[in-house]
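The values are calculated or read from the model by the stated rules, or taken from the named source; none is laboratory data. Given the structure is predicted, the values throughout are model-derived calculations rather than measurements. Neighbour counts are summed over all protein chains in view; Cβ atoms, including those assigned to glycine, are modelled from backbone coordinates with ideal geometry. Just so you know, the surface numbers come from the protein's heavy atoms only, side chains and all, with ligands and any DNA or RNA stripped out. Shrake-Rupley method; radii C 1.70, N 1.55, O 1.52, S 1.80 Å.
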Amino acid sequence: MRNKEKFISDYNEVVKPELQNNETAVEDAAHTLNHSTEPVYTVPIEFTNTGKDEKFVFEQREREKTDDPKESLLDWFYIGRGDQ
């Protein structure tokens with residue numbers, strides 16, 4: 001996943017305090033995106049401090065491999081929150 005820091009920052013803004021700084025948030029989002037037809041990760045209302053479901057929008061596109069720039073792979077790029 002690219003733009004992880006922004007995703008984590010936005011995630012921490014809307015989730016309940018006990019879920020903030022969750023080390024598995026990035027992995028959970030990536031797993032969900034890899035098994036979904038929509039490029040949106042949703043945190044249900046019961047886990048947010050905003051009183052509503054929170055959506056995080058991603059885009060999947062090719063990028064160069066870190067260890068071999070001659071090759072590419074598909075990766076998720078965080079775009080922003082769904083309500084902004």
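Looking at 2, 63, can you tell me which residue is of a type outside the set (Ser, Thr, Tyr), at pLDDT below 95 and open to solvent by less than 70 Å² (accessible area, probe 1.4 Å)? Spell out the reasoning first.
Working: 2 fails: open to solvent by less than 70 Å² (accessible area, probe 1.4 Å).
The unique qualifying residue is 63.
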Out of curiosity, is residue 70 at pLDDT 95 or above and open to solvent by 80 Å² or more (accessible area, probe 1.4 Å)? no
I'd like to verify a number: residues in segment 39-77 that are under 23 Å from residue 18 (Cα atoms) and among the aromatic types (Phe, Trp, Tyr), how many? 3
Can you find even one residue in segment 13-29 that is among the hydrophobic types (A, V, I, L, M, F, W, C), in a strand (DSSP E or B) and surrounded by fewer than 16 Cβ atoms within 10 Å (Cβ to Cβ)? no
Give me the pairs: first residue in segment 61-84 and over 19 Å from residue 34 (Cβ atoms), second residue small (Gly, Ala, Ser) and part of a strand (DSSP E or B), beta-carbon distance under 8 Å, and six or more apart or on different chains, which are they? 64/72
Residue match in segment 33-49 (condition: surrounded by fewer than 12 Cβ atoms within 10 Å (Cβ to Cβ), more than 18 Å from residue 3 (Cβ to Cβ) and hydroxyl-bearing (Ser, Thr, Tyr)): yes
